[in-house]
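A.B. asks: Dropping a structure here in C-alpha cells format, bear with me for questions.
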Amino acid sequence: MPKILVITYPTMALGYRLAGVDVIQVVEGDDYVEIMNKALKTEDLGILAVEDAILNKLPESFVKRIGKAAMPLIVPVSTPAKWKGEKKGESYISRLIRRAIGYQIKIKR
C-alpha cells in the first residue's frame, strides 16, 4: 500500500503524527532540496504533502522536474491561518484533477 509522507514545520508536525502520518520536520535554514530528495527515495511513497512555504523556496527547475513524475503525487498544503480564498495549492490540485479526469472543477469549502 502506498505511503503518505508530510514535510512541514515543527508547529504542524504533531497534528499529522496524531493522524498517523509519517512526518519530516524542517526548520528555516535547512537544505530543502536535499530533504525533498531524501523523501522522494522513501519506499512505496504514494503522496508527498509539502508545506506551501517550503515548496515556494525550492528552485523552479527542481519543482518542475519532480512534478513530471507520476509517483509520488506532490501535494502542497497550507496551515489553516493561510486559507483565505483560492490559493496556489488549490489551483494546483484543481489542475491535477483536471488532468486526471478531463474536467475542470471548482473547490468549495
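Every number here is computed from the coordinates shown, using simple stated rules; none is lab data. All values derive from a computational prediction rather than experimental measurement. Here the Cβ is made from the backbone with ideal geometry for all residues, glycine too, and neighbour counts use every protein chain on show.
A.B. asks: From the square roots a ≥ b ≥ c of the eigenvalues of the alpha-carbon gyration tensor of region 3-81, which class results: rounded (a/c under 1.5), prolate (a/b over b/c), or oblate?
C.D. replies: Note, shape of region 3-81 comes out oblate.
A.B. asks: Among 61-72, 6-17, 37-48, how do they line up by average Cβ neighbours within 10 Å per residue, starting with the highest?
C.D. replies: Going from most to least packed, we get 6-17, 37-48, 61-72.
A.B. asks: To continue, here is another question. Which residues' amide hydrogens lie under 5 Å from the amide hydrogen of VAL50, considering only partners 5 or more residues apart or on another chain, with H built in the peptide plane?
C.D. replies: Under 5 Å from the amide H of VAL50 lie the amide H atoms of ILE7, VAL75, VAL77, each far enough along the sequence or on another chain.
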